[in-house]
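Below is one structure, written out as structure tokens, with a few remarks after it.
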Amino acid sequence: MAVRDSLLVLLTMGPAYGFALHGGLAERTGGRRSVNVGQTYATLDRLTKQGLIEPAGNTADGLPLHRLTAAGRTASARWLDGADAAGADPWDETVDRVLIASSLPRFDATTVIDAELARWTARRDDSAIRADAAHAADAPPARLAVLGAAAEMARAESAINWLEGARRASGLGFEPSTERPRRGRRPGGSAGPAASADLIAQGSTAP
């Protein structure tokens, strides 16, 4: 999953603290994705240095809040519009993007789904063209090219079927939780393995 982009999209709902965002990554992908809590905090630190998010005060119990900058809002919109993370698998990006978009309150996820449908339809059609071109030759490399193109066509067809099902779904958006974890990273705190284990041991839930 593109943790960077997903966190930016979660922050379009308003300021949030790190552990709530960490939980949101798993919750808003239907439990499909989960990352180490330290990775979440490290990504938030990088996003701050990159000028995509900024401090937004603290919660009543002292947890630092983060909010999007104008640049961060632009970056989140680009990902929702279909800009895959560098080196990411297109299928993983599609599923995460659609699930997260569908979970956002007051957001029309069909715009995201329709754009993904168009991209996967184009991929399927491109693979069909390559397969047809390779059929002209009978050498082993050409037959391998046909087989490879068939695999891409099958993947695209599966993606299209899943996206059509996602388009028919409704009522998936929900507001961020207002529950507070018993612990979270305070300013100057560590988010390494020990901190992660401490959070888990206390049975904290998020967001």
P(r) histogram, all alpha-carbon pairs of the range 76-131 included - 10 Å bins from 0, percent
23, 50, 22, 5, 0
Per DSSP H run of at least 4 residues, take -39500 (n - 2.57); add these up for the chain, divide by its residues and hand me the 222 nm value, nearest 500 deg cm²/dmol.
-19000 deg cm²/dmol
Springs between alpha-carbon pairs under 10 angstrom, Gaussian network model over the chain: which of THR178, THR29, THR43 fluctuates most?
THR178
For the pair ARG67/ALA142, report the inter-label distance in nm, with labels modelled 7 Å from Cα in the Cβ direction.
6.3
Give the relative contact order (percent, whole number) for the chain; include only Cα pairs under 8 Å separated by 6+ residues.
25
Among HIS135, HIS22, HIS66, the residue with the largest mean-square fluctuation in a Gaussian network model of the chain built from Cα contacts under 10 Å is HIS135
Reported label for calculated mean projected area of the Cα convex hull in nm² given (i) 10.3; (ii) 13.5; (iii) 14.5:
(ii)
Can you pull a Stokes-Einstein diffusion coefficient for the range 110-171 at 37 °C (0.692 mPa s), Rh from Kirkwood over Cα pairs, as a whole number of µm²/s?
262
Short version: what are the Cα gyration tensor semi-axes of the range 30-112, square root of 5 times each eigenvalue, largest first, in whole Å?
24, 15, 15
Given a Förster distance of 25 Å, report the FRET efficiency between THR178 and THR110 from their Cβ-Cβ distance, rounded to the nearest 0.05.
0.35
Amide H neighbours of ALA56 under 5 Å, counting only residues 5+ apart in sequence or on other chains, H built in-plane at 1.01 Å?
LEU65, HIS66, ARG67
Enter the angle in degrees (range 0 to 90, nearest 10) between the Cα long axis of helix 110-134 and the first principal axis of the Cα atoms of the chain, meaning the one along which they spread out most.
30
Computed label-point distance, nm, for sites GLN50 and VAL35 using a 7 Å Cα→Cβ extension
1.0
Volume of the Cα convex hull of the range 59-154, divided per residue and given in Å³:
139
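Where a number appears in this text, it was derived from the coordinates with a stated rule and is not lab data. What you are looking at is a predicted structure, and each value in this text was computed from that prediction instead of being measured. Please note: Cβ atoms are built from the backbone with ideal geometry, for glycine as well, and neighbour counts cover all protein chains shown.
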